[in-house]
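Throughout, read-outs are computed from the coordinates displayed, never taken from laboratory work. From a predicted model like this one, the values you see are computed outputs, not experimental measurements. Note that we place each Cβ from the backbone using ideal geometry, even for glycine, and neighbour counts take in every protein chain shown.
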Amino acid sequence: MGADSLLDIQNLKLDLPDGRRLLEGVSFQVQAGEALGVVGESGSGKSLTAMSVMGLLPGLYASGQIVFAGQNLVGLPDKSMRKLRGARIAMIFQDPMTAFLPVRSIGAQIDEQIRLHQPRSRREARARTVQLLGRMGVPDPAMAAKRYPHQLSGGLRQRAMIAMALSCSPDLLIADEPTTALDVTVQAQILTLLREIRDEGAGVMLITHDMGVVAQACTHVAVMYSGLVVERGPVRDVLDRPLHPYTQALLAAIPPLEGPRPEQLPTIPGQPPTPENRPSGCVFAPRCGFVRPDCGVRPALIETEEGRRVACVLYAV
Amino acid sequence: MIAALLSRIGQMALVIFGISVLVFCIFFATPGADPTARIAGRGASPQVMERVRAEYGFDRPLPVQYVRMMEKLFVSRDLTSFVNHGQKVVPEVASAAPVTLSLVLWAAFFWVMGSLGIGIVSAVLRDSWVDRFMMVLGLIGLSMPVFWLGEVVNLFTQSRWHDTWMFRWVPPLGYVPLTENPLGWARSLLLPSLTLAVSFMGLYARILRSELLSAMGEDSIRTARAKGAGPVRVWLWHGLRLSWLSYVSLFGLDFAQLLGGGALLTEVVFALPGVGRLTYQALATLDLPLIMATVMYAAIFVVIANALVDGIYALLDPRIREGQYGR
């Protein structure tokens, strides 16, 4: 790992101007052709991590390293960042309803991104737009390009969003809960699309709180809790044999498809800590069933087996 | 599309009709007041009173009176002012309209340019000293009465400093028609229109600033940044596009009410023979036919401007285009 990673985030910290720390040292890698699912509950810092990679967090101080294709993005001037954004790193947002500018046709908005990064004429850009929309499975793409966001259904809009993200063939695609606002059938179609994109060699970082989505669309998974990555590894291993108590609790909270239904789904007692009252030791310790005295010292994210890492005293060597 | 246009025109006609009835009732059907005496003016002889009564049909039922009045206003256009020695009222308004139109067009140009500049700069540099300074300046502009400002401008440019190099170009008060001397026209309107524009500039800059700042928090602006658009493009192309709507609607209303005589104080102070000054004179002499004509003229302009604003709205925002007429 390391040098050959497409995206290598090392110990990323993010601070508010008043000194509160939002991210406590996030580390993970995304390789080309892989899809990393970043899971965690609301407020765990998933989206903040994604926005840091995009360099879209004005007013926050980032430290640590975000190495994209050999270039550290932390502290990169906005001008250089702009050349990467949209061209080599693209992002899909959660709510396709509001992500498009409501007053311009979606074709015009996709054309704009193409023309921002590539020297193409209007007509060439539009041809590419129509081709992309067609590839995303939008029926009658030439007509759809002329429509305004509110005239399309949520699914079509998200497809258009993906078409826009892919318009400059990015190396890394960040998808921030791309299916949350969509119904289940559309969700499956969008996930299939993401898988195709990954098969074509792009790296995908998929942010979600839905373990089902991770299982369907990702090759690797990183579990975040309170601004930290607590466990990461290949998706099958983590889902089948979760190591960290938090991951175990998360997976236990999913209702089983087969067998008798439990009376009550297991839940995790308590609330995740806010940045102000985050424990100095293991961040999950106050809610953890396996808590021990040595949880008072924050455990490092250590490698337990090939490709798997976990931050928990239970697996300390 | 044509059906939508026709229905819109029908609505406008209905509104204008409603206003005309209302205006008529206020002026001529107020119980206990004899409209004849008011039209004829103070101290009119009984013969004149009799002639007025017969001409306007004040001895006949109200609907007849209304139709008579409208006919005199719009069809024969021979509504005459008795206060002002039989002068025809409608041509008077028609000759005053271009003056007001020129003044308001210039003022609108200045206040749109000024407020765009100030609003955008303040929004971009929000909470800096530049922003605060501009907003305070805007508030001062907003709170300065236009007649006072006009008098101060006149004091300096017409008398105190008129002979210095700064204001030697300022023509005497009054209006020069465009067809006569375009340069003189522009010069005669420059200071009055700037004076008129100051308060609007302050108001519009504040509105644009807050609209722009709230628009910049939208998801679609984040998308624009994620696309790799630079700050200039994000602010001007995406942000401004989202924050235009309330600006445009406000502009339409203000523009219309100024055209309809709202620039009264400016016109009086700078001795511009426009609709506002006409209204002022009519009010001063209680010239009922003239008041009636200027009020109707103003109403028509406001209605037309509203329709235009609706049209611009639809052009700016496709959601409105469909919301209004359905698909």
Helix axis angle, B:275-285 relative to chain B longest principal axis, alpha carbon, degrees: 40 degrees
Dipole magnitude of the stretch A:156-292 about its Cα centre (Cβ charges: Lys, Arg +1; Asp, Glu -1), debye to nearest 20: 300 debye
Gaussian network model of chain B, springs between alpha carbon atoms under 10 Å - residue of B:V269, B:V130, B:V303 with greatest fluctuation: B:V130
Residues of type lysines that B:K72 reaches as a straight line, Cα spacing below 18 Å, ignoring anything fewer than 8 places off in the same chain: B:K88
³J(HN,Hα), Karplus 6.51/-1.76/1.60, whole Hz, each residue of the stretch A:174-183, x for Gly, Pro: 9, 10, 9, 6, x, 10, 4, 8, 10, 7
Gaussian network model of chain B, Cα within-10 Å springs - most flexible of B:N154, B:N181, B:N306: B:N181
Rough spin-label spacing in nm, given labels placed 7 Å along Cα→Cβ, for A:D15 and B:W161: 5.2 nm
Stretch gain in nm, segment B:V232-B:L283, where the contour uses 0.36 nm per residue and the Cα spacing is subtracted: 13.3 nm
Max mean-square fluctuation residue, GNM over chain B, Cα-Cα springs under 10 Å, options B:T266, B:T195, B:T36: B:T36
In order through the stretch B:161-167: 3J(HN,Hα) via Karplus (6.51 cos²θ - 1.76 cosθ + 1.60), integer Hz, x for Gly, Pro: 10, 4, 8, 7, 4, 5, 10
Positive-end residue, the protein assembly as shown charge dipole about Cα centroid, Cβ charges, pick of A:A35, A:L156, B:L316: B:L316
Aspartates and glutamates whose Cα lies under 17 Å from that of A:K46, excluding same-chain neighbours fewer than 8 positions away: A:D8, A:D15, A:E24, A:D95, A:D176, A:E177, A:D210, A:E231
For A:L22, distant residues with modelled amide H under 5 Å away: A:L14, A:D15, A:L16
Phi to ³J(HN,Hα) by Karplus 6.51 cos²θ - 1.76 cosθ + 1.60 over the stretch A:213-228, Hz, x for Gly, Pro: 4, 4, 4, 6, 10, 10, 9, 10, 9, 10, 9, 10, 8, 6, x, 9
Of the trypsin sites (Lys or Arg not before Pro) in the stretch B:109-188, those whose Cβ has at most 12 other Cβ within 10 Å and which sit in DSSP loop: B:R168
Those GluC sites (Glu not before Pro) in the stretch A:243-317 that DSSP places in a loop and that have at most 10 other beta carbons within 10 Å: A:E258, A:E263, A:E276, A:E306
Under 5 Å, built H, 5+ apart or other chain: amide partners of A:N72: none
Span from the the stretch A:161-208 Cα centroid across to the the stretch B:181-225 one, whole angstrom: 42 Å
Dipole axis of chain B (+1 Lys, Arg; -1 Asp, Glu on Cβ), positive-most option in B:G18, B:L137, B:Y175: B:L137
